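The values are calculated or read from the model by the stated rules, or taken from the named source; none is laboratory data. No experiment lies behind these values; they were computed from the predicted model shown. Don't worry about glycine lacking a Cβ; one is built from the backbone with ideal geometry, like all the others, and counts go over all protein chains shown. In case anyone asks, the SASA skips ligands and DNA or RNA and just uses the protein heavy atoms, side chains included. Shrake-Rupley method; radii C 1.70, N 1.55, O 1.52, S 1.80 Å.
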Amino acid sequence: WEKYGLCVLALVAVGVAIGLGVKFTNEARTDPPTGAPSTSPTGSPSASPTLMPTDETYRTTYGLEIIAASSPPLALRVDTPEELIGASTDSTATPQEIAAEFVLYDDELSIPARDPRFLERYALSVFYYINGGCSGDWIDTTNWMDANKDHCEWYGVICDLQGRVTELAMAGNYVTGELIMELSQMKEMSTIDLSNNRMEGAVLLDALKIPTLYTLRLSNNNFSGDFPFDRLLEGSPILGKWHGCRGIPVTKPPSTAPVNANCGVQI
């Protein structure tokens, strides 16, 4: 009995030990609840949602809409962009229609219509077709209307690091015709130099309503009429440099400055 009792005590001890071990093991395996998620939730979508359609149909439809709004009435005599196809070979097409066909269909860069550079490229194309580039008047036409070249590489066009046009430097390049209202679509332009050319007609105020315009040179052309300086300041408030016909600074220009064939206006 003594041996039996000892065995019983041993088995009891083993059982107690096993029970305690199981209890401690279960407790060790039970993780306390966390007070916060294992990873922080994202406060915004992983990718920004697109705010505009990107398909080609939208580009041409919306592109024609903003082109028409930037040009004179009746300059584009079409209702759909498809009607522009073939304008470059149509002798009855307007310069605006040919320029629109270029930026919408022939341009290898295919700049999105909502990119402000789209209207800048269109405006420069109109300038080329109206002001003597297409007719061969210009002395230098390097890269102009090259569908594979950014317009910042066209002769006389200077851009900032974002590719926005800041200067049109075409002095002495035999530019002809009148100022075009599409110039006002270059909203970052600070300098326009069209001096010493063969431009004519009245100085179109709508062409020069550019908020960033600071320097304007139109001297030695064949413009006629008065220069509406005061009204120009309403659309170009920082225009800050005025020169007389001989380059003599004028501290307070008159409300209208005479423009004539011999002198023109230089600002």
Tally, over the range 171-187, of residues that are part of a loop (DSSP other than H, G, I, E, B), among the aliphatic types (A, V, I, L, M) and either surrounded by 19 or more Cβ atoms within 10 Å (Cβ to Cβ) or at pLDDT below 95 (or both): 4
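Give me the helices (runs of 4 or more DSSP H) completely within the range 1-112, filtered to those with at least 1 residues that are open to solvent by less than 100 Å² (accessible area, probe 1.4 Å), closer than 30 Å to Asn131 by Cα and modelled with pLDDT of 95 or more, ordered by residue number.
Per the criteria, 56-70, 95-101.
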Note down all Cβ pairs under 6 Å where the first residue falls in the range 125-144 and is in contact (Cβ under 8 Å) with a residue 40 or more places away in the chain and within 13 Å of Gly177 (Cβ to Cβ), the second is open to solvent by less than 30 Å² (accessible area, probe 1.4 Å) and of a type in the set (D, E, K, R), and they're at least six residues apart or on different chains. Val126/Glu182
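Can you find even one residue in the range 188-200 that is at positive phi and either open to solvent by less than 30 Å² (accessible area, probe 1.4 Å) or out of contact with any Phe, Trp or Tyr (no Cβ under 6 Å at 6 or more places or on another chain) (or both)?
yes
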Quick check on Ala147: is it under 23 Å from Ser110 (Cβ atoms) and among the aliphatic types (A, V, I, L, M)? yes
Counting only residues that are basic (Lys, Arg) and more than 19 Å from Thr212 (Cα to Cα), which one in the range 113-170 is surrounded by the fewest Cβ atoms within 10 Å (Cβ to Cβ)? Lys149
When you scan the range 188-216, how many residues do you find that are over 24 Å from the mean Cα position of the chain (by Cα), outside any loop (DSSP other than H, G, I, E, B) and more than 17 Å from Gly132 (Cβ to Cβ)? 1
Select from the range 201-212 the residues that are in contact with a Lys or Arg (Cβ under 8 Å, 6 or more places away or on another chain) and surrounded by 20 or more Cβ atoms within 10 Å (Cβ to Cβ) and list them in ascending order. Ile210
Applying the selection to the range 155-187, what residues are at positive phi and within 14 Å of the chain's Cα centre (by Cα)? Gly163
